[in-house]
1. Apply the Debye scattering formula to segment A:118-242, with a single equal point scatterer on each alpha-carbon and no solvent, then give log10 I(q)/I(0) at q = 0.13 Å⁻¹.
2. How far apart, in nm, are two points set 7 Å out from the Cα along the Cα-to-Cβ line at residue A:66 and at residue B:249?
3. Taking the label point as lying 7 angstrom from Cα along the Cα-to-Cβ axis, what are the distances from residue B:346 to the corresponding position in the remaining copies, in ascending order and in nanometres?
4. Largest first and in whole Å, give the semi-axes of segment A:241-305's equivalent ellipsoid, each being the square root of 5 times a Cα gyration tensor eigenvalue.
5. If amide hydrogens are placed 1.01 Å from N in the peptide plane, which non-local residues have theirs closer than 5 Å to the one on residue B:152?
6. Please list, in order along segment B:167-177, the HN-Hα scalar couplings obtained from phi with the Karplus expression 6.51 cos²θ - 1.76 cosθ + 1.60 (θ = phi - 60°), rounded to whole Hz, x for Gly and Pro.
7. For segment B:98-162 and segment A:401-448, what is the centre-to-centre distance using only Cα atoms, to the nearest Å?
8. Starting from the alpha-carbon convex hull of segment A:334-447, give the projected area averaged over all orientations, in nm².
2 protein chains.
Amino acid sequence: MANTFVGIGGDAAGMSAASKAKRENPELDVVVFEKGEWVSYAACGMPYYVKGAVDELDDLVTISPDEFRSERDIDLRTNAEVVAIDPDAAEVTVDADGDTYEQPYDDLLIATGASAIEPPFDGLELDGVFTIHDMDEADAIEDYVTQHEPETAAIVGGGYVGIEMAEALSARGADVHLYEMLPHVLQPFGEPVASVVEDHLREHGVELHLETAVSGFRGDDRVNGVTLENESVAADIAIVGVGVSPNVELAAEAGLELGPTGAIATDEYGRTNVENVYAAGDCAEARHVVTGDPDRVPLALTANRAGRAIGQTVTGDPTPVGDIAGTAIVKAFDLGAARTGIVDEERAREAGFDPVSVSISAASRAHYYPDGSELTVTLVADREGERVLGGTVVGREGAKRIDTIAMALHGGLTVSELQNADLAYAPPFSPVWDPILTAAKVLDGKLE
Amino acid sequence: MANTFVGIGGDAAGMSAASKAKRENPELDVVVFEKGEWVSYAACGMPYYVKGAVDELDDLVTISPDEFRSERDIDLRTNAEVVAIDPDAAEVTVDADGDTYEQPYDDLLIATGASAIEPPFDGLELDGVFTIHDMDEADAIEDYVTQHEPETAAIVGGGYVGIEMAEALSARGADVHLYEMLPHVLQPFGEPVASVVEDHLREHGVELHLETAVSGFRGDDRVNGVTLENESVAADIAIVGVGVSPNVELAAEAGLELGPTGAIATDEYGRTNVENVYAAGDCAEARHVVTGDPDRVPLALTANRAGRAIGQTVTGDPTPVGDIAGTAIVKAFDLGAARTGIVDEERAREAGFDPVSVSISAASRAHYYPDGSELTVTLVADREGERVLGGTVVGREGAKRIDTIAMALHGGLTVSELQNADLAYAPPFSPVWDPILTAAKVLDGKLE
């Protein structure tokens, strides 16, 4: 009898694992349970669907359920929810179409993802108040905007989703108010990025309410305002994007160990503490390349990569899921903002380093070449050993250069090694000293 | 008495060294001899001046001679040519304004650069036949184009200069013919880049004559054609860009050792075989990060970086000049084409490796996000040890991602380590798997 590989969750990690496993071993039975309708979709693209930059919600689907079934021979079961895992019996319990049944596995992948956090706000149930973490929500937001043409929008939370939805709803004609409890937006990116982004958001007409706590929403059936401590501001639509929490209940009930971040603890192969049970994607931890500690960074590449590696491992070719650097990039109107590793001295000290950092601004192209713009680069290093710990890049063009810093982290480079990296130069693409090299030069000076 | 640091040559390497040395030790006497008028200019910007994208030739000058003298306190002597070096006496002989004098040094930097190769063509002396390797030539070309409005242009050589001048003269209204002796343009970039660039050049109306030897130019006073083996093609202007050769005569006459490439041999600190004599920039070799062997890659960053390091070394802080990877990028109309390290299997075998390579094409952005384009990525690795040896990137956007591969070379990463690099993803900037990661995935598959 062929072995069976079972996946719980049909998005990035689950379908990457299923596809890779089946490709490596066509004899393997591969079964994936997805509790909803949608599989293998680009959640990161949803704000652009709302914005109108992507025509159809279906465009965000990379591979359809039917293609998985017919072309990849994966037994994909949608609207089928795994409600229990029994590691001793090596089986899962499934609710589907009103029936309940058991599905045995030889190897199991938990890829249950994460859910949008719903803060204890009044009025969350009002029409026009949304989180945006799955395709149905994206669809509902788009419908609502089309139907009601909101004049004002309240975005609660200044993270990726908040920034992207500010752009999207602004493009749809709304006056956008963005509420953030902390002193700055984009908290994971550090202050130098945040202040550039904040100025830019304001230039684009977004009204920022920093250090402002929202307590809820008001309205009758439909939302018409957001409630703050001492006032109420009009809002015809509200988006709550205050982060996600990993979906770990199923795993925890089955006795799987959770790590310090609250996500499922895994080793370098994505294995949990229970034999033949793996976890990957937004519900799982991964090892941080700089600290060597477990971390939780719910991003698409991490999920895809870990899923694919696990698909390889379960077919007999043990493959590490790879370390994460927390590399991320976000578009804010005309800006790109990017981060990798440890982005400021405070966080570096918390991780046990003796940090030094710089923030510089430099042109994205040769000074005389047309249409360049300013890039702000932050670099953080450890005084001891002078290793690069992380950094950020923000500007109108060139934010993807963050990958250069990410590669320095993966290579374990010192500041002086980064400074001596032979990066590409021609006037239309960069100054002679790429802004990242300039930042490394200045940081190297501070290390002496 | 203060020590004296003397530089020969007032461009990237020379002025970087002088500036850094003076900054580190204001007591040092710093003297730079430049045989021409222009110092510290961006030769790479000259095609864009001819094109009309840069208004003034002076815009290409980063720092003027007067600023070097008054603000940086550097004794910069223009129109002053060093005609001999006497290492035993530790002095150089200078010709300036009809006078000849000796200048003693404690440390000497040879930064004499390179010169455009002039092939043994007939008619090189005709009006309208140019090389483009210094500011006076750029000025003369611009004048000539403005005055004569050439209808047809002949570009001899399909390297950086040829490609950039094809774009420039096309923008100025000329029908451009590009002549290349080899089967492909951009020889250092390998065939996958060349074929993309060649298609693109043709789309932009450039007539390519590959595997075509030019024997000379015809015309009375002014050029009116280019002579091939069996025919003659009309040309109202001709640019010869067939490469550069290092200016090493002065060094060789003084007994300095040349390396295998014909440029001045140096160690990791830019020192020549003669005590207290350094060499940097287009006239000097540097160590290649992949092969560990001396190489000559006359590019601006290498010159700036080595100059700066030597400026630091001569003030008592020994600083390596850094390895080179031969990283380069060039704009060809709407394309960017980039390379780093060893770009094809043939060259890898010549360097003693057992190579394997892939070439893939992938989207620059998420498939559903507007305005993405195709990127072609080539990666080369060694079967033994599976280390990345180099690669290329070409496409309408994102060619600067070559830096990611360059960083893999500097970090000594294997293909599987590159594949697991945590690079930045968001739909407007990249697919989930950056094209470079996709190339690494495919290459990793070939290594198994």
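1. The computed values of log10 I(q)/I(0) come out as -0.46.
2. With each label placed 7 Å out from Cα toward Cβ, I get 7.6 nm.
3. 5.7
4. Ellipsoid half-lengths, sorted descending, are 17, 15, 11 Å.
5. Distant-sequence amide H within range of residue B:152: B:175, B:236, B:237.
6. For segment B:167-177, the Karplus curve yields 5, 5, 6, 4, 5, 8, x, 8, 7, 9, 10 Hz.
7. A separation of 32 Å, based on Cα centres.
8. 6.4 nm²
Laboratory data are not the source of any read-out in this text; all were calculated from the coordinates shown. Keep in mind that what you see is a predicted model, and the values were worked out from it rather than measured. So basically every Cβ, Gly included, is an ideal-geometry build from the backbone, and we count neighbours across all protein chains shown.
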